[in-house]
Amino acid sequence: MEFGELLYEGKAKSLYKSEKDDELITCFRDDMTAFNGVKKDSFQGKGAYNAAVSAFFFDYLEKNGVKTHFIKMLDDHTMVVKKLQMIPLEVIARNVAAGSIVKKLPFKEGQVLNPPVIVTDYKDDEKGDPSLNDDLIIALGLVTPEELKEIKAVTLKINKLLYEFFDELGLIFVDFKVEFGRYKDTILLGDEISMDSMRLWDKKTRESFDKDVYRFNKGDVMTAYAKVVEKIDEWKREHLK
Ligand code: 5GP
């Protein structure tokens, strides 16, 4: 399949036109950034890890009733997806307090959040992705109240599925970020589901296996990502015989 013109270059992925009008091609690059692009590096093979994990989870979620933009992989870091009109919201679900809510609010790092907490940030790097409440989301016309309800319900469903999945792998699914978009009359899960957009802690040692390893120089980020990929591959060998 021929790549069409480059449509958009994000911090870690590039989007290209495809031969079909209602599809796009996403390239997961090896670039890694943190703190809104202030910290920047490139790690060979990182794009392929995130693409493989995203493809696995999109497929896993589809099998469990969550509609996603994923169509197929073209090679180890390139994915064909349905073309969505993205909704500029970062929908974050949190099972354990970490990161920005510990910085901004009187939560203790590691405090269990049960029921899980959903936070919705406005996706705008220049404004620093400010948090929005439901009224602001509706007033900005980003989604209708019904769509917002659906987006939150789907996020909670994804959260439950992935929490249980990672629990089986010996990892705590601390938090994650998802993005949604419109496709025809439906709202589909878009973007990616990878170690770049979630926090994963070892159940026993609380060691990080996600982008925090890079953000806070906690060790070798590629070793951490490889470990998650290895655990998922082991799970596949056991469950998808
Ligand atoms: P926090 O609000 O604590 O910075 O992030 C909460 C969760 O959402 C973390 O798992 C974090 O990786 C993810 N997240 C928040 N904002 C972004 C973002 O702009 N890009 C990515 N890839 N993940 C994000």
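The values are calculated or read from the model by the stated rules, or taken from the named source; none is laboratory data. Owing to the predicted nature of the structure, the values given are computational and were not obtained by experimental measurement. Virtual Cβ from ideal backbone geometry, glycine too; neighbours counted across all protein chains shown.
List of remarks:
- Among residues of segment 174-197 that are touching a residue at least 60 places away in the same chain (Cβ under 8 Å), those with a beta-carbon under 6 Å from a residue that is of a type in the set (K, R) and within 9 Å of the ligand (Cβ to nearest atom) at least six positions away or on a different chain give the pairs V174/R199; D175/R94; D175/R199; D196/K211.
- Identity of the residue in segment 189-241, under 17 Å from the mean Cα position of the chain (by Cα), assigned to a helix (DSSP H, G or I) and not aliphatic (A, V, I, L, M), that ends up nearest to S42 (Cα to Cα): Y214
- Only one entry of K17, K72, K82, K39 meets the criterion of being in contact (Cβ under 8 Å) with a residue 60 or more places away in the chain and either closer than 25 Å to I232 by Cα or more than 16 Å from the ligand (Cβ to nearest atom) (or both), and that entry is K82.
- When E126, E90 are checked against the criterion of being more than 23 Å from I151 (Cα to Cα), within 15 Å of the ligand (Cβ to nearest atom) and not in a loop (DSSP other than H, G, I, E, B), E126 stands alone in meeting it.
- Those residues of segment 208-226 which are under 16 Å from E109 (Cβ atoms), touching a helix residue (DSSP H, G or I) at 6+ places or on another chain (Cβ under 9 Å) and exposed (fewer than 15 other Cβ atoms within 10 Å of the Cβ), in sequence order: K218
- None of V66, V80 is touching a helix residue (DSSP H, G or I) at 6+ places or on another chain (Cβ under 8 Å) and not in a helix (DSSP H, G or I) except V66.
- Residue list for segment 131-153, restricted to those being touching a strand residue (DSSP E or B) at 6+ places or on another chain (Cβ under 7 Å), within 16 Å of the ligand (Cβ to nearest atom) and either part of a helix (DSSP H, G or I) or not small (G, A, S) (or both): L132, I151, K152
- Of residues in segment 166-178 being out of contact with any Phe, Trp or Tyr (no Cβ under 7 Å at 6 or more places or on another chain) and hydrophobic (A, V, I, L, M, F, W, C), the one farthest from the ligand (Cβ to nearest atom): V178
- Qualifying residue in segment 161-183 (condition: in the same structural domain as I118 (by TED's automatic domain parsing), surrounded by 15 or more Cβ atoms within 10 Å (Cβ to Cβ), small (G, A, S) and closer than 25 Å to K63 by Cα): yes
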